[in-house]
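Notes to accompany the following structure.
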Protein chains: 2
Amino acid sequence: MATLADIGVAAALNILSALIFLLAFAILRLQPLNDRVYFPKWYLVGLRNDPLKSGGFVKKVVNLDWKAYIRFLNWVPAALKMPELELIDHAGLDSAVYLRIYLLGLKIFIPITLLAFAVLAPVNWTNKTLKKSGLTYSAIDKISISNVPLGSERFWAHILMAYVSTVWTCYVLQKEYAKVADMRLQFLASAERRPDQFTVLVRNVPPDTDESVSESVEHFFLVNTDHYLTNQVVYNANKLAKLVKEKNSKQNWLDYYNLKYSRNKSKRPMMKTRFLGLCGEKVDAINHQTAEVERLSKEIAAERERVKNDPKSIMPVAFVSFKTRWAAAICAQTQQSRNPTLWLTDWAPEPRDVYWKNLAIPYVYLTVRRLIIGVAFFFLTFFFMIPITFVQTLASIEGIRKIAPFLKVIIDISFVKSFIQGFLPGIALKIFLIVLPRILMLMSKFEGWGSISALERKAASKYYIFNFVNVFLGSIIAGAAFDQLNTFIHQSANEIPKTIGVAIPMKATFFITYTMVDGWAGIAGEILRLKPLILFHLKNFFLVKTERDREKAMDAGSLNFNTGEPQIQLYFLLGLVYAIVTPFLLPFILVFFALAYFVFRHQIINVYHQEYESGAAFWPDVHGRIIFALVFSQISLLGLLSTKRAAQSAPFLIALPVLTLSFHYFCKGRYEPAFTRYPLQEAKRKDTIEQAKESKLNLKYYLQKAYLHPVFRGDDVDDNEDVNDKLESNDVELIPMKRHSRGSTPGPSRISGASQEEMLQHQEE
Amino acid sequence: MATLADIGVAAALNILSALIFLLAFAILRLQPLNDRVYFPKWYLVGLRNDPLKSGGFVKKVVNLDWKAYIRFLNWVPAALKMPELELIDHAGLDSAVYLRIYLLGLKIFIPITLLAFAVLAPVNWTNKTLKKSGLTYSAIDKISISNVPLGSERFWAHILMAYVSTVWTCYVLQKEYAKVADMRLQFLASAERRPDQFTVLVRNVPPDTDESVSESVEHFFLVNTDHYLTNQVVYNANKLAKLVKEKNSKQNWLDYYNLKYSRNKSKRPMMKTRFLGLCGEKVDAINHQTAEVERLSKEIAAERERVKNDPKSIMPVAFVSFKTRWAAAICAQTQQSRNPTLWLTDWAPEPRDVYWKNLAIPYVYLTVRRLIIGVAFFFLTFFFMIPITFVQTLASIEGIRKIAPFLKVIIDISFVKSFIQGFLPGIALKIFLIVLPRILMLMSKFEGWGSISALERKAASKYYIFNFVNVFLGSIIAGAAFDQLNTFIHQSANEIPKTIGVAIPMKATFFITYTMVDGWAGIAGEILRLKPLILFHLKNFFLVKTERDREKAMDAGSLNFNTGEPQIQLYFLLGLVYAIVTPFLLPFILVFFALAYFVFRHQIINVYHQEYESGAAFWPDVHGRIIFALVFSQISLLGLLSTKRAAQSAPFLIALPVLTLSFHYFCKGRYEPAFTRYPLQEAKRKDTIEQAKESKLNLKYYLQKAYLHPVFRGDDVDDNEDVNDKLESNDVELIPMKRHSRGSTPGPSRISGASQEEMLQHQEE
């Protein structure tokens, strides 16, 4: 085991690299050239103008104000300054509640850390087990549970601490759940009018030979519900979307050539027609692109007509809108038809949150798809090492020699040889781990969830399970996951907690290092935004042709719930598991939570741009995973203690998981409805207030086009900017609806009250 | 293991006893004296008159018509004659669907039996493993899987059969689920107007200082819902119920003495006032009872006023009725208030199905109560043998000598000694097993379910688990449940199926005998109704004072879902587990299903009286347990095969439980909503039809008193017969609402269309 000094060195190194990151960030963010990298959120809400447009050339690129550099850490108080309500207004409830997860970590672990150091540290320290054993040990081990002799009465202190930390954690969790549920209801109650409040997503509309889907939906809901207003059917417009995308690309080129020509009138710009302009006939670029754009415009118009009129491209899915929130709430929460697989109703997601592709999957397929993904995910989690090992074998010198003998000459060069030997085997695993979140997101998409927020939640669950099995258990019990699976299957039920429990204290130093690398330096790296920084400047230099391109080169990014939340959860798990066993780990986790809170608060305020607003619908997942970590920590402590000849005290720990789980069920019943249902009382109240305030509101007009497929929304706008943005974003596999909030759908987070005017002004530019 | 001849003898004995029961039944049921024991249902619906009132004395007691005896089995075709629709009319949907469980058993097992005997029997029989082994074996073992040599290719036949039987079972289950769901919806759609269609049970009404519960409810629902009609608060009327019961008893005595005096005018009947009329002052009975009845009437009136006016006796619970089924369906399925633990709405049970005592338990307590019962039930299931063993030790000769030395003289008598030694130790277990269903019902009541049907379902689940652990697993792996638990905890996950799988074929003969005793003779005994027969005649002889008493002495009984369904499920489990392993067991189970179907169809038509109508709400439970049995059988087969050196074929079996479970989830999504939700389309249709038919209906008057606590219902009736019946039945712990259908609440099963007139006539008697 590492000594205290080793840890010290590692800590120093990591603190140093974290500080370097922070310092680099402090300097880079002050340069006007990087302004769009570090403050994109403000550009997007229209509250910041390009510093490049004003001042001299040097001033444009480098910040020469030396005063600014002195206060290089002043982003921290700035990040903390914005009050929570304003934050909700500025960045949405999802982001504000996401930050509360870090705060929750601090709330749970600060008292536990203090208590553990006050109680457990002396209890452990004042033993001589390790001294007697003659093994090498460090100070960390001396204050860990390993130092308590077998069968000691002192284990009662640990059991007591387990109870205290469980009770405290549950108390904080319950308070937090109540608070978040309240925030959500408050948010929904105070939210502006949004189309999703009035709208219900209806799936599996049964086919009718006499009526179109829209008519059939209209008749059904006119008969069976009150307050029916209108409906919008969903079109299968994938081909159309492709055409629109193509046209926009051509349009961009046209703009570029026009710009080029206007700068240098002497020479008409020329281009080659084939293979990215590298070969083929040379033609006049402006004429060619104009012709292309015209051709595509015609094709689009034709395709649009076809989609709208061809019954085959109409999916049996519709967004049904009602005159009142009350009626929509009712419709979303009740069963409509005798056959529970027809006329499936559910809350409509926010327009920008809709994942259009999945809307037409029939009910039966959903079961089959989820089964397939369930099995596939099981194999992915436990057996992913097998193909990777296989690839690694192939990527070895021997493997290449066998498969491709003709490469023999190249790989015998000593540089190439050492590269292959040293680098290639590891790269397969690295690549896999990098693409893993994308794979999990694809799996969730295949499962058929209809909104991006749901997709992210499901992908996060999968990522958490994968991390738990492969990162946490994989580190504790060395060996690949399928070896573990094999071990666990062949072990008796009471041996498994013992195996895990005994291994846990031995891995404390590993996880301390892990926390510093992943949790400290990693988070500090996050604020530097190295990748977007480089990409922005590359794009700016090579690709940016028009002002619109510069806008697009600015990649605000967003909170990636599907990767971020599982990462936090790993620290909750580590903290809860080690709180009793090796309290020395706790301060490291506290530093992570505090640092991450500052960094992400800053990022949320200045950088990230919210893709959708789910109203903190993820909280039940967060809560459930912390409960899982708690129960896991209790069971592993039980396993550990039962090997310490403290068997007579271990039974007292059995009650803990039972109590924790029943606490979970209590919370589930008490607070979860706030996340899945919409109280009628609230709906009615909002309806009544609205009716009193704006009795002449033309709701039908307001809702008419709210749930139009993004490609059709362009019809009304002269320049296709919205559509363009929307389609462009569809390429990005993981974040399909990026920057939707710039679209025509209203959202409370988009326009922060005061900035509405500037926003409009910005849009008109 | 038992030989075929042993089984033959056992079968002969059990067939004989079953035949004796059937014969006795055939003779006894023809005697006019027993008419009320064997045909109470017809008395209750008013279609049968007392044969004792007509004909000579001998004819009244003994049936002398010899022709009747010849056709002693003619109850079987008679029981089958009634078509299902008429049966639903006559005995309710619950009973009709309950019978379908037996039919389901036949549908599943007849093809499986045929196939198993056609395929597996020859495959197993044509081996010589047992012959070679030199062990004693019987013909049963020869056609069981034990006869197949280790590592044989023939196990593929068993795997194939496992697939075929799983597919067939799932197919039948799916058809049946669809059919039952359809029957339920049909039943609800065609049902007459019932109060529960318009009514919602609202719990946890928040206290209001300014308003009464009723006012508060009225205001809340007038504001937040449409079509609110009226509400009825729930009173805590336990003391009142006690007084009413006392008064009715005195009234009965008064009737009796009046009858006695009218027969013999020469002597005023006298009675003693204390301790059941055994001691105390001797007074004139008629005067005394008249005075008592008057005193109690006054007390009741006072108490009734107190209950109605004292705010403390009003519980925060109300039955809220709406003008339309549509509005009720909406209110029951949505959340009303921001705080999801206030204004909890749920379907109102049928009035006679309400379990009044549980209506006022606040939400928080429900979690706590369920936790307590969960833990208690765990200990009951696994550790019930400990107190029983303790009692058995006390009940031994030595135990009694130690505890009560003064009894030494008595227990040294050789007769008493042998009685204690032979009988007492076993009696503790017997008594426990007899009272077990009551204990489980009490547990369910403590959990706080609000309707009798829910209580019976929950008690059935508990009884099934208990039977599975203690009867099934307990027989397979000898030893008490806590020994098994210990074994399983100390065994690895892949050893457990092996342990069970290997033990299963060895216990085939035991379960064959079990099936014959419990399933054949037991069911045949059910039709004889020995206990009600004896009790009826005893009551008739000693207690029956008035005509009303004779009515009461007639104990129709009812289907006890909480004990009956778990028993059937045990046979499903046995059948599915042994179908592949020892097909010889299957015919015995088929006989059980067929016999039980005939017997219970007869009993439901002629004897049992439905207590409540839940609309077959129990089917999801039935379905779920068969799925569990299926998965269990697959896993145990997997365990067995993995010990047979057929490891290479075993992996094919792993897919089966996965597929079965996903089939289960498919069914759950597809059909379960029919049992938990009420489609709005249906509700609207019924409303529309009703409005067109009876536009002048005074629904408010109809619903006004529907959900009045039974003790208040007596207010309007001159003689308190209804109340009396209702209260009397409250004593019976297990079947609290017995014979409620004679009360004033309407129910579709009570009045079978044609017999309405006779029914009314009967009520007027």
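Just so you know, all these numbers are worked out from the coordinates, no wet-lab data involved. Given the structure is predicted, the values throughout are model-derived calculations rather than measurements. Reconstructed Cβ throughout: ideal geometry from the backbone, glycine too, with neighbour counts over all protein chains shown.
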- Provide A:Ser418, A:Ser695 in ascending order of the number of other Cβ atoms located within 10 Å of each residue's Cβ, fewest first. A:Ser695, A:Ser418
- Message: Need the C-alpha centroid separation for the stretch A:338-390 versus the stretch B:438-508, integer Å.
- Response: 35
- Task: Count, for each residue of B:658-669, the Cβ atoms from other chains sitting within 10 Å of its Cβ, then give me the mean as a whole number.
- Result: 3
- Can you tell me the relative contact order of the stretch B:363-447? Whole percent, Cα pairs under 8 Å, sequence separation 6 or more. 41
- Query: Taking each residue of B:677-687 in turn, how many C-beta atoms of other protein chains fall within 10 Å of its C-beta, and what is the average?
  - Reply: 5
- Least to most buried among B:His664, A:His623, A:His537 (fewest other Cβ within 10 Å first): A:His537, B:His664, A:His623
- Query: Where in the stretch A:312-336 is the amide nitrogen less than 15 Å from a point lying 7 Å along the Cα-to-Cβ axis of A:Glu690?
  - Reply: A:320-332
- Is the stretch A:363-447 rounded, prolate or oblate when judged by the Cα gyration tensor, a ≥ b ≥ c being the square roots of its eigenvalues, rounded requiring a/c under 1.5 and prolate requiring a/b larger than b/c? prolate
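Please work out whether the stretch B:315-473 counts as rounded, prolate or oblate from its C-alpha gyration tensor, where a ≥ b ≥ c are the square roots of the eigenvalues and a/c under 1.5 means rounded, while otherwise a/b larger than b/c means prolate and anything else oblate? Let's see the in-between values first.
Working: a/c = 3.31, a/b = 3.28, b/c = 1.01.
It comes out prolate by the Cα gyration axes.
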- With one decimal in nm and the nearest listed first, the spacings from A:Leu661 to its own position in the other copies, using label points 7 Å along Cα-to-Cβ, are 1.5
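Too long at a 18 Å Cα-Cα cut-off: which of A:Lys308/A:Lys705; A:Lys179/A:Lys668; A:Lys323/A:Lys686?
From A:Lys308/A:Lys705; A:Lys179/A:Lys668; A:Lys323/A:Lys686, over 18 Å: none.
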- Query: Quick one: how many lysine pairs in the stretch A:200-271 have C-alpha atoms under 24 angstrom apart, if they're 8 or more apart or on different chains?
  - Reply: 8
- In nanometres, what is the gap between the two model label sites at B:Glu153 and A:Phe419, each 7 Å from Cα along Cα-to-Cβ? 5.4
- Here, the stretch B:85-185 modelled as identical Cα point scatterers in vacuum has Debye log10 I(q)/I(0) at q = 0.14, 0.21 Å⁻¹ of -0.67, -1.02
- Query: Using the per-residue mean of other Cβ atoms lying within 10 Å as a proxy for protection, in what order, highest first, do the peptides B:200-211, B:317-328, A:353-364, A:514-525 fall?
  - Reply: B:317-328, A:514-525, A:353-364, B:200-211
- If the label for B:Ile434 sits 7 angstrom from Cα along the Cα-to-Cβ line, what are its distances to the same label in every other copy, in nm to one decimal, shortest first? 7.7
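Does the stretch B:604-672 classify as rounded, prolate or oblate by the C-alpha gyration tensor (a ≥ b ≥ c root eigenvalues; a/c under 1.5 gives rounded; else a/b over b/c gives prolate, otherwise oblate)?
oblate
To the nearest 0.05, how large is the calculated FRET efficiency for A:Ala376 and A:Leu115 if R₀ is 60 Å and r is the Cβ-Cβ distance?
In this case the efficiency is close to 0.85.
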- Task: Over the whole of A:340-351, what's the average partner chain Cβ count within 10 Å per residue? Rounded to a whole number, please.
- Result: 2
- Mind giving me the nanometre distance, one decimal, between the label points for A:Asn494 and A:Asn238, set 7 Å out from Cα along Cα→Cβ? 5.6
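For the stretch B:338-478: lysine pairs with Cα atoms under 14 Å, gap of 8 or more or different chains, count?
Qualifying lysine pairs in the stretch B:338-478: 4.
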- Task: Between copies, how far apart are the B:Leu150 label points? List them in nm, one decimal, shortest first, with each point 7 Å from Cα toward Cβ, please?
- Result: 3.7
